[in-house]
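One structure is given below, encoded as structure tokens.
Laboratory data are not the source of any read-out in this text; all were calculated from the coordinates shown. Predicted, not measured: the structure shown is a model, and the values here were computed from it. FYI the Cβ positions are ideal-geometry reconstructions off the backbone, even for glycines, and counts take in every protein chain you see.
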Amino acid sequence: MSYFMRDVMGGTVDEPDTATMAQVLEGLAEADDEHPDVSLSHESGWCLSVFADGLVVWENTEDDSVVPGEMRVSGREEALRLFGFLAAGDVTALEELPWRR
């Protein structure tokens, strides 16, 4: 399965490992109004965006009929866990989380 991350400045990293994902998340310390989030996108169209304040947005960028979900995470470790699910293509595990739609 193929996936990629966008860092806070919009740069991309193809198929990052867990350590690289953690580094990209650390970049949220530099977030501003123009560059507020980092994201991980999967070839299936699913995407997780994480904002500096802990907001996570779960959406399918290729299917407009899917209503995006939002929730808050308590820290970078939780965001990293969610990124790990998506990198592995485990959409089912992500869909089971308490998203507000």
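To the nearest 20 Debye, how big is the dipole of the chain about its Cα centre, given +1 on the beta carbon of each Lys and Arg and -1 on that of each Asp and Glu? Here the size comes out at about 300 debye. For the chain, pairs of C-alpha atoms spaced more than 21 angstrom apart make up 24 percent of the total. Potential lengthening of the chain between E95 and D53 amounts to 12.9 nm, from the contour at 0.36 nm per residue minus the alpha-carbon distance.
Note on M71 and S44: with the Förster distance fixed at 22 Å, the Cβ-Cβ geometry gives a FRET efficiency of about 0.65. Close amide H pairs (under 5 Å, H built 1.01 Å from N) link V8 with no residue at least 5 positions away or on another chain. Using 0.36 nm per residue and subtracting the Cα-Cα separation, the extra length available between F4 and T20 on full extension is 4.7 nm.
Scanning the chain for GluC sites (Glu not before Pro) that sit in a DSSP loop and have at most 10 other Cβ atoms within 10 Å, the longest stretch containing none of them is 35-95.
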